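The numbers here are math on the coordinates, done by the rules we state, and not lab data. Everything numeric here is computed off the predicted structure, so don't read it as measured data. Ideal geometry is used to build each Cβ from the backbone, glycine not excepted, and the neighbour counts take in all protein chains shown.
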There are 2 protein chains.
Amino acid sequence: MDAMEANQFREFGKTMIDYVANYLENIRDRRVLPTVEPGYLRPLIPSEAPQKPDSWKDVMDDIERVIMPGVTHWHSPKFHAYFPTANSYPAIVADILSDGIACIGFSWIASPACTELEVVMMDWLGKMIGLPEEFLACSGGKGGGVIQGTASEATLVALLGAKARAIHQVKKEHPDWRDADIAEKLVGYTSSQSHSSVERAGLLGGVKLRGLPTDDSNRLRGDTLEKAIKEDRDAGLIPFYAVATLGTTSSCTFDNLEEIGPVCNDNNVWLHIDAAYAGAAFVCPEYRYLMKGVEMADSFDFNPHKWMLVNFDCSAMWLKDPNWLVNAFNVDPLYLKHDQQGSAPDYRHWQIQLGRRFRSLKIWFVLRLYGVENIQKHIRKQIGLAHYFEKLVKSDERFEVTEEVLMGLVCFRLKNETNEVNERLLKRINARGTIHLVPSKIRDMYFLRMAVCSRLSEESDMEVTWKEVRESADDVLEKKVNGF
Amino acid sequence: MDAMEANQFREFGKTMIDYVANYLENIRDRRVLPTVEPGYLRPLIPSEAPQKPDSWKDVMDDIERVIMPGVTHWHSPKFHAYFPTANSYPAIVADILSDGIACIGFSWIASPACTELEVVMMDWLGKMIGLPEEFLACSGGKGGGVIQGTASEATLVALLGAKARAIHQVKKEHPDWRDADIAEKLVGYTSSQSHSSVERAGLLGGVKLRGLPTDDSNRLRGDTLEKAIKEDRDAGLIPFYAVATLGTTSSCTFDNLEEIGPVCNDNNVWLHIDAAYAGAAFVCPEYRYLMKGVEMADSFDFNPHKWMLVNFDCSAMWLKDPNWLVNAFNVDPLYLKHDQQGSAPDYRHWQIQLGRRFRSLKIWFVLRLYGVENIQKHIRKQIGLAHYFEKLVKSDERFEVTEEVLMGLVCFRLKNETNEVNERLLKRINARGTIHLVPSKIRDMYFLRMAVCSRLSEESDMEVTWKEVRESADDVLEKKVNGF
């Protein structure tokens, strides 16, 4: 028997389309978090690849037998952990085309459409969320956008660009200093509430990154940053990079850009904005007050693959001056050269990897098949659902909402109860198996996070979620009374 | 009008399946390299996203109007540039499922199936290519595999693991030395023929990487490495990392692992093997002589997304001791913790990014629906086609084959002609528009690379390719005679 031919692919592919449609339309019926134990899968399949091909029907049958028992259903309206990851029909279809073309867009010539659609889609996206012109390629300046895999990569890429810039600038003043001596003096800043990947970017990039304290509302403020910069300069260090977060993972808090921006600009510190989750909300003009000061940033990143219906991976990053990055890591062998170099971006210089997929198709399909209005509707609806859940929580005096609800995240806990009781509450909720939440902790206060994740979520889902929380609280508080 | 619903998705998705099947079945009819100029795409589409949704039929129509004129057809049998990138029907269907489930597998609990299938698929793959047990999770030791996005990332990740190990070890002897002091003394090695991403990994990782000279057959040899290590130790540096290539990009040359391995082991140098392209060939036992010595490596990487029919991105990396990596960059916030930590890998610690797709489905589908035998058949057929083309080139005495043909790459040039004439030959070939090649250069000798890329390639395609080369040579040599 031979490998799969086109006719079989037509059957198999269409069967899979139906499977995925059925899966998503009926996802509420599945237990959101699987009950399997580590190691569950290995005994279910052979220990080696088959010598001769299996039939595609056998493979289809194995999805429910082998895979689904171990899937955490991120797109269930009962999934409220982490932040949303996107999933939409237009994006899935775009990926079929991307897989069919299967070009590797490392340079313009390697597939001009892949580079050019990306340039224009990054302009579309940038305009949609109200980014200043300087970030957009259509402005005719140096700025432009690029699709990264994840916000973690964007943070690292920006850090590497900032590092290259700082070393270049310091060397002008001190031509005798070596790169390593300079790198050792570099210091970057972020808030103690920024994502774990920011700390990791510092480790990977081999530079110091200080986690600065936040104000009582968990925001990084300008004076805190200014003080740190001054301290470090006095200690002989070279401040070079700062990451501000718009929508932190723990509590969806927005750092104060209007204060941070001028401090960075005055001190020649590269300001990177990580708006991984919340950036999508800026498609609605009424939320743009939360990004006031963005014009002072050097780079900006948000994930359409989180809250803007474009399947992972699609992290949208803009740089005012990509040249720091391009020149820092430009390794240009003959086999990658082409005649049009310089007249269009060769995106391999903008990222860690060499290879890259045709990901802008997903953006194009999603923006066209939703339209800006439906994307705004999606964001507004999810924020509305978060406020609805907030109201339900506040209606029960045993609970408190611990953070202002601005986006699709509600942080809450049992009021007047210890962290331990709240930990028991979380465990109880997840053990019941109907919904899934993860906790967080700020300044030693443990709380629960309810993120509105699924694009299918409705008010009735919030009511189910609230019922689970309320009844779990009944159990936990009763056990506490009964001394369990 | 509202966003796309399930019923529309069924129609649209199935239409796209047919489109992709038609595209691939008729790909020979398309001009392999587009004729567009930089900037071609922007005027073809609106300058902003639409406010209201377009219809999916309009989007379908725009594929031929907007995208295809700018696509370089990597899967055409007339495409011979770079190295192949994979494209197969089973992988495309697997990606539909992966996009439908759309989980983010950063930890075990975030979707156990995503992590567990990856662990087992990396064992399947490792067994298929004859990797030593120590690399496999099923051995019960420390070793195991992980899917990286690209071989560039694998090289960087291995370098970071090696760096962490070296710093740890040096600190034991010199507890007073600071990380930065140690990092500055670290020196890694590779051959001057290794991929540009190896040099880039050194830049990104902030360590020195020396490109060592190769022997007359372009291979890195043990004595060269040993000499470099000795020199550097004498100069007070700390040798810590070496990258050996199995199948270089320029000429598909294999470094001499049997010599390099012991030198690395004796000198406590982490040996990483980059077999990005050629690693797939080890599925055929008759080629495993080219990886003799692999048991001395610390990490090994090859790309199923190049030559093993798994669509990009899928770079298969194995580590004998992943702990160096896991512990080096382990940032573990509360919202990512879970109860089963330690009993299964949390793959986010094995990679640069946090997020990751469900990519092992592609491996599973491809290995099951081809079977080992058909994958072997595919590799052998493509190597056979390269030898067929080699024979055609050798039949024309104007040409020489400049490198031994071992895999699916033939390096050739006009014999007794200058680099400039050979450059003209390449330009002429590409300008005719029927086939697409890229050149390379080793020790100032410019040559052309003919890579067998498409899984659809047949002997008749090699004959077309040869005709193009031969006739282009006629043109170029005639022009030379006529003084053009």
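General remarks:
- Loop sites in the stretch B:380-427: trypsin sites (Lys or Arg not before Pro), DSSP, at most 10 other Cβ within 10 Å: none
- Cross-link pairs beyond the 23 Å C-alpha cut-off, checked among B:K377/B:K467; B:K14/B:K57; A:K78/B:K57; A:K142/B:K441: B:K377/B:K467; A:K78/B:K57; A:K142/B:K441
- Separation in nanometres of the label points that stand 7 Å from Cα toward Cβ, at B:D339 and B:E373: 4.7
- On the basis of the beta-carbon distance and an R0 of 30 Å, B:K415 and B:K381 show a calculated FRET efficiency of 0.55.
- Inter-label distance for A:N267 and A:D29, nm, one decimal - labels placed 7 Å from Cα along Cα-to-Cβ: 5.8
- For the stretch B:407-484 versus the stretch B:311-332, the gap between their alpha-carbon centres in whole angstrom: 40
- Ascending count of other beta-carbon atoms within 10 Å, so fewest first, for B:M68, A:M407, B:M296: B:M68, B:M296, A:M407
- Interchain or long-range residues, amide H under 5 Å from A:G247's placed H: A:T253, A:F254, A:D255
- Kyte-Doolittle mean at least -0.5, axial Cα span of 30 Å or more - DSSP H helices of chain B: B:151-173, B:360-394
- Label point 7 Å beyond Cα along the C-beta direction, distances from A:T35 to other copies (nm, shortest first): 6.5
- From least to most packed, judged by other beta carbons within 10 angstrom and beginning with the fewest, A:R178, B:R221 follow the order A:R178, B:R221.
- Computed magnitude of the charge dipole of chain B (debye, nearest 20; Cβ of K, R +1, Cβ of D, E -1): 320
- Spin-label model, A:K479 to A:N327: label points 7 Å out along the Cα-to-beta-carbon direction sit 6.2 nm apart.
- Environment charge of B:H338, counting only residues whose C-beta is closer than 11 Å and scoring Lys/Arg +1, Asp/Glu -1: -2
- In terms of its C-alpha gyration tensor, the stretch B:198-353 has an oblate overall shape, because the principal axis ratio a/c (a ≥ b ≥ c, square roots of the eigenvalues) is not below 1.5 and a/b does not outweigh b/c.
- Residues with amide H under 5 Å from that of A:F399, placed H, sequence gap 5 or more: A:K415
- Of all DSSP beta bridges in the protein assembly as shown, antiparallel share, percent nearest 5: 55
- Sorted into 20 angstrom bins from 0, the C-alpha pair distances of chain B split as 21, 51, 26, 2 percent.
- Ranked by how many other Cβ atoms sit within 10 Å of their own Cβ, fewest first, the residues A:H168, B:H195 fall in the order A:H168, B:H195.
- Per residue, the convex hull volume that the Cα atoms of the protein assembly as shown enclose (Å³): 165
- Take B:R470, push a point 7 Å out from Cα through the beta-carbon direction, and compare it with the same point in every other copy: 8.3 nm, smallest first.
- Computed on chain A, with alpha-carbon pairs under 8 angstrom and 6+ residues apart, the relative contact order is 21 percent.
- Placed amide H near A:L209: partners under 5 Å, 5+ positions off or other chain: A:G188
- The aspartates and glutamates whose alpha-carbon is closer than 14 Å to the alpha-carbon of A:K52, local same-chain residues fewer than 8 away aside, are A:D2, B:E373.
- Entry note: the stretch B:377-484 has Rg to Rh equal to 0.96, where both radii use alpha-carbon atoms and Rh is the Kirkwood radius.
- Candidate lysines - alpha carbon under 17 Å from B:K172, same-chain residues fewer than 8 apart omitted: B:K163, B:K185
- Here A:D234 yields copy-to-copy label distances, from shortest upward, of 5.0 nm, the label point defined as 7 Å from Cα along Cα to C-beta.
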